[in-house]
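The values are calculated or read from the model by the stated rules, or taken from the named source; none is laboratory data. As the structure is a computational prediction, the values presented were derived from the model and not from experiment. Neighbour counts are summed over all protein chains in view; Cβ atoms, including those assigned to glycine, are modelled from backbone coordinates with ideal geometry.
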Amino acid sequence: MALVPLVLTVAACAGGSPTSSPSSSNVPSEYAAREDGTRVVPAVNSKYLNERNKRRWVAYNGPEEVGTIVVDPYARVLYHIYEEGRAMRFGVAVGKAGLGFSGTGVIRRKEEYPNWTPTQNMIRREPDVYGPLKGGLKGGLDNPLGARALYLYRNGRDTMYRIHGTMDPSSIGKATSAGCIRLFNQDVMDMFDEVPLNTKVKVRTKAESLELEGEMVELSTGYLVPAASFEVIDADRAMQEQAAQDDAAREAALTGDVPA
């Protein structure tokens with residue numbers, strides 16, 4: 001497998017609903033279905049594999065040393081610096097809590113099919129949803145942490161951030177309701193095997209993201225594109241305007257308020 005970078009997420013992130021990911025001839029081999037012990041990890045649906053989501057080699061000019069994992073929660077990408085000036089880039093999903101940590105840490109723990117436990121805050125906010133899970137959810141493909149998790153520590157203490165997979169591949173590349181940063185199961189499985197303990201992880205601030213990635217614009221699909229992608233942004237806005245006009249026309253027809 002090609003060397004792959006890591007994704008960060010909050011320890012108690014919840015992952016949304018599972019999304020079916022059937023195998024397809026359009027899916028690159030690295031995202032095909034995989035046997036994993038007694039489990040079969042589904043293929044990633046090709047419609048989620050846009051250019052910013054799927055892993056790819058890119059030029060890298062940041063200041064970090066070779067081997068470092070660099071997470072940019074604002075641009076929703078993650079880099080693994082493989083050699084001087086070159087890195088593997090991945091798309092990530094980001095929740096609000098995923099923006100609450102910046103700076104550096106190291107990977108001190110790795111788990112296959114990790115258990116997940118909601119935080120006390122989550123239980124207090126939504127007792128009906130998270131109360132029944134206060135004892136934890138057993139690891140598996142229906143678990144918010146997905147197939148693998150890597151745990152980020154700082155000064156010997158758990159930061160409560162996790163590098164992990166997801167049960168919802170449709171979320172990758174988007175801002176999510178859950179407080180995490182996550183990637184496709186296939187990506188985190190490869191990283192789990194290839195990235196050693198004590199690997200350094202750098203999480204960018206928003207200022208660092210703007211300096212190195214530039215301004216990003218969120219499309220109506222929930223995906224980000226560089227602000228310089230004028231044609232894509234204009235086409236998206238035109239589509240939104242047309243959809244609004246169509247909705248207005250349907251509403252007018254239903255109420256009988258149709259222009260003569």
Condition first: surrounded by fewer than 11 Cβ atoms within 10 Å (Cβ to Cβ) and small (Gly, Ala, Ser). Can you find one or more residues in the range 161-183 that meet it?
no
Take Gly91 and tell me if it is assigned by TED's automatic domain parsing to the domain that holds Gly140, modelled with pLDDT of 95 or more and buried (at least 17 other Cβ atoms within 10 Å of the Cβ).
yes
Among the residues of the range 43-66, are any acidic (Asp, Glu) and in contact with a helix residue (DSSP H, G or I) (Cβ under 7 Å, 6 or more places away or on another chain)?
no
Matching residues in the range 94-109 - criterion: being surrounded by fewer than 18 Cβ atoms within 10 Å (Cβ to Cβ) and either of a type outside the set (A, V, I, L, M) or modelled with pLDDT under 85 (or both)
Lys96, Leu99, Gly100, Ser102, Gly103, Thr104, Arg108, Arg109
Which count do you get for residues in the range 2-33 that are at pLDDT 85 or above and either assigned to a strand (DSSP E or B) or not assigned by TED's automatic domain parsing to the domain that holds Asn185 (or both)?
0
Taking the range 235-247 as the search range and keeping residues that are exposed (fewer than 11 other Cβ atoms within 10 Å of the Cβ) and among the small types (Gly, Ala, Ser), which one is nearest to Glu218 (Cα to Cα)?
Ala238
For the range 68-84, state whether one or more residues are surrounded by 17 or more Cβ atoms within 10 Å (Cβ to Cβ) and among the polar types (S, T, N, Q).
yes
How many residues does the range 34-61 contain that are assigned to a loop (DSSP other than H, G, I, E, B) and touching a strand residue (DSSP E or B) at 6+ places or on another chain (Cβ under 6 Å)?
4
May I ask you to list the residues in the range 76-120 that are among the small types (Gly, Ala, Ser), under 11 Å from the mean Cα position of the chain (by Cα) and not in a strand (DSSP E or B)?
Gly95, Gly98
Scan the range 201-218 and report the pairs whose first residue is exposed (fewer than 14 other Cβ atoms within 10 Å of the Cβ) and whose second residue is of a type outside the set (A, V, I, L, M), with Cβ atoms within less than 8 Å and a gap of 6+ or a chain change.
Lys206/Tyr74; Gly214/Pro226; Glu215/Pro226
Pick from the range 145-185, criterion of a type in the set (D, E, K, R) and farther than 17 Å from Thr117 by Cα, ranking: nearest to the chain's Cα centre (by Cα)
Lys174
Hey, could you check the range 221-233 for residues that are assigned to a loop (DSSP other than H, G, I, E, B) and not hydroxyl-bearing (Ser, Thr, Tyr) and say which is surrounded by the most Cβ atoms within 10 Å (Cβ to Cβ)?
Gly222
Take the residues in the range 110-142 that are polar (S, T, N, Q) and more than 22 Å from Pro42 (Cβ to Cβ); name whichever of them is modelled with the lowest pLDDT.
Thr119
